[in-house]
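Accompanying notes for the structure given below.
The values are calculated or read from the model by the stated rules, or taken from the named source; none is laboratory data. Note that the structure is a prediction, hence the values are computed from the model and not measured. Counting neighbours? That spans all protein chains shown, and the Cβs are built from the backbone with ideal geometry, glycine included.
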Amino acid sequence: MARQESFEEAFTRFIEDFMNDQEDFKYDHAISEMIVKGTKSIVIDFTDLYSFDMDLAQAILDDPEGLTPIFNSVIRGKLRTRDPIYAESVKRINVRFKSLPSETQLRRIGADHIGKLVMINGIIVRASSITPLIIRATFRCPVCGELNHIEQSGQNLSKPQKCLACDNRKNFELVPKESVFIDNQKVTIQERPEDLPPGQLPRSIHVDLSDDIVDIARPGDRIKLTGYIRLLPRYGRGGEMRNFDLLIEASYVDVSGREMELMELTPEDREMIEELSEDPFIFEKLMSSIAPSIYGHEHIKEATLYLLLGGVHKDLQDVRIRGDINVLLVGDPGTGKSQILNFAAKAAPRGLLTTGRGSTAAGLTAAVVKEGGTGNFILEAGALVLADKGVCCIDEIDKMREEDRGAIHPAMEQQKVPIAKGGIVATLNARASILAAANPALGRYNPYQTIAQNITLPVTILSRFDLIFILKDQPDQQRDTDMAEHILGLHKLSSHGMPMIDIQNLRKYISFAKKVKPIITDEVIERLRDFYVKMRSASMDGGEASAVAITARQLESLVRLAEARARAHLREEISVEDAEAVINLMQKSLEQVGIDITTGEIDIDILYTGKPRSLQNQLQKVLQVITEMERISGSVRDDDLYEALQGDHNIPRSEAARLISVLVKDGTIYSPRPGYYKRTS
């Protein structure tokens, strides 16, 4: 139809005559809403256009740059007839298109797409500051003073060839007050991790955002973008080069990164998921499908499954309770930590894998960098921001430099990344579950040291993990035989290592399960409360501060884990069975990393301070004796201190020497001269 008519007439007819399912004139009403709301853009759903006039729709796909200005003038004309004052006050009217018939993969964009309208999905990894872009430049002639108006397009400023009044051809002066500017922002979007072919690096493309769609998305946000492809020239020493860069001039941006967009499921997928959920052994099947090539480690696979499913986020008036679960694996070399991380990154609907070796604070969180050419500062997202609403797997987290580890603190605690540099002050979301792996500092895990002594991670980071597990490589004839058969069976390509649920279906199941928001019942509250109180009551020991087995932080972790287990069964309520299972898992974790090797009791202070409560009590006794002796003599002689500790507190000389060395190392006391000690404050 559009071939016989002008495109302007065809578009006018579409705006005036298109009716939706409710028999409303959808776009005619949209123009009236522009006046009421004071907006300057009208969004055209391409499915509406396609159903009304297929030829016009195809013409827009082929030449959006040429036709969009025509459509803009049509809308301005409609506005002028309804509200002339408003129409004249708006600098620029924008016709934007969304919901194209098909999506183009970012890595498939090439020469064939130049000048075409495309729709792509991606993640914003860079965003510049907002700058003014001139769209209608006014120049004053230096000879006669005549104002010359030039419409602007492309990258470079177009100046008048000659004055309209006196034919002067040089020294024109730009008049900003008479010119028309709009906001402009440059962003870079990158392929989503789940769209990457195996072993390929992610591709990216630059995007120009203008007018009312600037600043609509931040680094880390996932967007669905509609725009047309244009060329950006490259310049070398000899001038303009034959090679060009591709740039997308954005028409419409739909931000999906603020909410977790899950996999699109077909009716067949839903039927498969519902059938699986009715299996009485569904939890065992899900758990055995986690890293099936790794033998054993059932409790770690269970924790990984909980991490993938996650708990429920709760936004209260004064605080936000995170639902994401963080798990740390510490173990000897060759125990399968990295394989579990690799699997989790693939199985998560949104997963990223990075390594602590070589990762900087900026690479993990966010950075402000200078843009080449312009010198402007731009914001660049790191791994935790890109994994927002997903899973970030960090291998060898212990290998991170000390100054870079500090960047993880706000990301793990507040799930936000604050950044202030180069005039850019922003807070980016990092609502990701963290699955991390670390190696013991001396190669193998030493059971006679605390976890903080075994790995070079500060206790402030250790305490942020909901679960921590130790993977030890200890000789055991029966287990070694079973493991050897399992590993050799993998090479035989037998049924060994074959999951009960393949990874694609597992991703679909997890994606569906994450939509379930189970609620906690009174019975579960009672069971978790009883466990918490029972563990805490063991800490009340005759007035002296004894080991604290559990804190409120672990109680919150139990709720998150129980919610994840309920999601595995697609249940709307958490059951007592869920509570019992996660209590057992939490106890396994605490028994591995929270045991005071001196007393054999569970002591959460090992995670919070790096020292068991029994050691803290002993150190306190030493400090009290030093304080009393200082008050009498000013400084404390070591032999007198040893005698006082032996006589008053029954601490032998060798143990006293160890305790004193701990206090010196911590900076609590110092030696002003050989054989004497004083408190630092």
Per-region count, segment 628-652, residues exposed (fewer than 12 other Cβ atoms within 10 Å of the Cβ) and either closer than 16 Å to GLY675 by Cα or of a type in the set (Val, Ile, Thr) (or both): 4
Hey, THR460 polar (S, T, N, Q) and either within 25 Å of SER511 (Cβ to Cβ) or modelled with pLDDT under 75 (or both) or not: no
Residue that is nearest to THR335 (Cα to Cα), among those in segment 447-475 that are part of a loop (DSSP other than H, G, I, E, B) and aliphatic (A, V, I, L, M): ILE455
Output for segment 205-244, where each listed residue is within 29 Å of the chain's Cα centre (by Cα) and among the acidic types (Asp, Glu): ASP208, ASP211, ASP212, ASP215, ASP221
Matching residues, segment 49-71, being in a helix (DSSP H, G or I), out of contact with any helix residue (DSSP H, G or I) (no Cβ under 6 Å at 6 or more places or on another chain) and surrounded by fewer than 17 Cβ atoms within 10 Å (Cβ to Cβ): SER51, MET54, ASP55, GLN58, ASP62, GLU65, GLY66, PRO69
Qualifying position, being part of a loop (DSSP other than H, G, I, E, B), within 29 Å of ALA127 (Cβ to Cβ) and either among the charged types (D, E, K, R) or modelled with pLDDT of 80 or more (or both), among ARG431, ARG444: ARG431
Residue identified as in contact (Cβ under 8 Å) with a residue 60 or more places away in the chain and in contact with a Lys or Arg (Cβ under 6 Å, 6 or more places away or on another chain) among LEU100, LEU106, LEU67, LEU133: LEU106
Some residue of segment 163-178 being touching a residue at least 40 places away in the same chain (Cβ under 8 Å) and either crowded, with 16+ Cβ neighbours inside 10 Å or not polar (S, T, N, Q) (or both): yes
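Rundown of residues vs (1) surrounded by 19 or more Cβ atoms within 10 Å (Cβ to Cβ); (2) modelled with pLDDT of 90 or more; (3) touching a strand residue (DSSP E or B) at 6+ places or on another chain (Cβ under 7 Å); (4) within 15 Å of VAL95 (Cα to Cα), yes/no style:
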| residue | (1), (2), (3), (4) |
| --- | --- |
| THR12 | no, yes, no, yes |
| MET19 | no, no, no, no |
| LYS26 | no, no, no, yes |
| VAL43 | no, yes, yes, yes |
Residues of segment 612-667 satisfying the condition of being among the aromatic types (Phe, Trp, Tyr) and either under 43 Å from the mean Cα position of the chain (by Cα) or assigned by TED's automatic domain parsing to the domain that holds VAL459 (or both): none
Residue in segment 327-335 that is under 24 Å from THR354 (Cβ atoms), crowded, with 24+ Cβ neighbours inside 10 Å, touching a residue at least 40 places away in the same chain (Cβ under 8 Å) and of a type in the set (Ser, Thr, Tyr) present: no
Candidates GLY199, GLY220 - the one that is closer than 22 Å to ALA387 by Cα, outside the structural domain of CYS392 (by TED's automatic domain parsing), buried (at least 18 other Cβ atoms within 10 Å of the Cβ) and modelled with pLDDT under 90: GLY220
Whichever residue in segment 389-423 is crowded, with 23+ Cβ neighbours inside 10 Å and assigned to a helix (DSSP H, G or I) and, among such residues, is farthest from the chain's Cα centre (by Cα): ILE397
Segment 74-85, subset touching a residue at least 24 places away in the same chain (Cβ under 8 Å) and part of a helix (DSSP H, G or I), residue surrounded by the most Cβ atoms within 10 Å (Cβ to Cβ): ILE75
Selected residue (criterion: surrounded by the fewest Cβ atoms within 10 Å (Cβ to Cβ)) from residues of segment 567-596 that are in a loop (DSSP other than H, G, I, E, B) and at pLDDT 90 or above: GLU572
Qualifying residues in segment 1-45 (those that are within 17 Å of PRO69 (Cα to Cα) and among the aromatic types (Phe, Trp, Tyr)) - the one farthest from the chain's Cα centre (by Cα): PHE7
Qualifying positions in segment 276-324 - more than 20 Å from the chain's Cα centre (by Cα), of a type in the set (S, T, N, Q) and either within 20 Å of CYS393 (Cα to Cα) or modelled with pLDDT of 80 or more (or both): SER277, SER288, SER289, SER293
Number of the condition not met by LEU607 [criteria: (1) at pLDDT below 70; (2) closer than 27 Å to LEU328 by Cα; (3) surrounded by fewer than 22 Cβ atoms within 10 Å (Cβ to Cβ)]: (3)
Of residues in segment 250-264 being at pLDDT 60 or above and in contact with a Ser or Thr (Cβ under 7 Å, 6 or more places away or on another chain), the one farthest from PRO64 (Cα to Cα): MET263
Candidate set from segment 84-99 (those that are of a type in the set (D, E, K, R) and at pLDDT 90 or above); member that is nearest to ALA250 (Cα to Cα): ARG96
